[in-house]
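Just so you know, all these numbers are worked out from the coordinates, no wet-lab data involved. Please read all numbers here as calculations on a predicted model, not as lab measurements. As a convention, Cβ positions derive from the backbone with ideal geometry for all residues, glycine included, and neighbour counts pool all protein chains shown.
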Amino acid sequence: MGATTGEHLYGPMKLLLIDDENELLEAMARFFLHRGYSVECAAESEEAIAMIRHHRFDVVIVDLELNSIEGLNGFAVLKALRQSCPTARAIVYSGHFSEAITEATVHHGGAKFVAKPASLSQLLASVEELCPIPC
Amino acid sequence: MPNTLLSKILAPGAISTVFQPIFSVNETSSTAIILECLSRGPASTNAAHAGVLFEYAQLKAVEPLIDRACITAALNTLVAIEGSRRFSLNVFAATLVRDSGFVPWVAEQMNRLQLNPSNLIFELVEHGEAWDTNIFLSALRDIRSLGCQIALDDVGLAHSNFKRILECDPEFLKLDRCIVQDCGHDLRRQALLKWLAFLAKDLGSSLIAEGVESCEELNVLRSHDIGLFQGFLFSKPVSAAEISILLKKIAMPKLPLPAAELELTCRQGGLTIEGTSQNVERMARQI
């Protein structure tokens, strides 16, 4: 895999990675940074929503089971994404795969579902599927 | 406290303050009369972006905590700036409602740092839902009894609406940049400005135009009798050290504004003047 995978016509593709497991978040960030993506991270749904409302992203990868006292979770992030950044593509991953979750994901504008645990290569393949590299 | 973004924001010394002056401009002079204190979250976090910081505060419903932290940082930074000046602090309207000890706390901080409350303007920001109006009005009375003034921020946007104007009876109305931006070319914006200028005059409030970035905008705003301005045309937000230098530079020459060829830009924290006329070049040398 080349180091410039994350490039598109307008420079590096911008990813927002959202997961409340810090170690996983850091590993994902390193992985995508190394492949040429511009990467921002958020460990809480509120932080992610604030980022979405003030920055533009090409792809958002969100863990549906984010911890939050107020009950906001990955779905709230998807909703904010649809409102504030409708052109961004979303990848949701969850350890609790079910048809209901898949339906809810589609309803909230989720573009792709990845079952947890997912390898970094799987996530990369999903990103590339959603945003193919221009020829 | 777990290692959340909130804990990082609230860590001692994590919030920094920058300053963006508000200028009074007339035919012969421009003077920085108010320093707006602007907060920035910890540099290594997403909250370094002010928009993210305050959006996060609202989503977490921790506006009072964030406001107290920002004001603590601002006041501690402000005392290092030479001279007694009017300054403004941004406060969520929600803080005035949820934090009953907020106004006495501000008074205590001002007293501790020997800052004059009559120099303080509270800029009320709010994009939230309705709240208890009685508590809100009571807090506004407490603010005024300290000798402070009130500015309504982001007028023209979201909840900075007529109801809020009636409730707050603000000394200042800060026009949001969505009205100011491109007003030099846009007749609809000019119509709004004309009407808002009449409204402000009748209400006894002073208009402050935010986000002024060009002489064309400045000329149009001045033609509607707006006299207070803030924006990159005059100065970007700068640090405490930079603002001291900037204020000294501005104090020396009286800039003749507006001049068609004059472009004021603030770069590297200092005021520079670019233009073609000898007059402008002479002023640039003076500065």
Which residues does a label at B:Asp169 reach in the stretch B:195-223, if reach means a backbone N under 17 Å from a point 7 Å past the Cα toward the Cβ?
B:200-206
Using +1 at the Cβ of each Lys and Arg and -1 at the Cβ of each Asp and Glu in the stretch B:1-95, identify which of B:Ala48, B:Ile33, B:Gly13 lies farthest towards the dipole's positive end.
B:Gly13
Quick note on A:His108, A:His34, ordering by fewest other C-beta atoms within 10 Å, gives A:His34, A:His108
Residues with beta-carbon under 13 Å from that of B:Arg86, excluding B:Arg86: net charge, scoring Lys, Arg +1 and Asp, Glu -1?
-2
Treating only Lys and Arg (+1) and Asp and Glu (-1) as charged, each at its beta carbon, one finds that the stretch B:186-233 has a dipole about its Cα centre, in Debye to the nearest 20, of 180 debye
Cβ-Cβ cut-off under 11 Å around A:His107, Lys and Arg +1, Asp and Glu -1: the net charge is +1
Put in order of increasing Cβ neighbours within 10 Å, starting from the fewest, B:Glu213, B:Glu123, A:Glu26, A:Glu46 give A:Glu26, B:Glu213, B:Glu123, A:Glu46
Going down the list B:Lys194/B:Lys236; B:Lys8/B:Lys60; A:Lys14/B:Lys236, which pairs span over 18 Å between their C-alpha atoms?
B:Lys194/B:Lys236; A:Lys14/B:Lys236
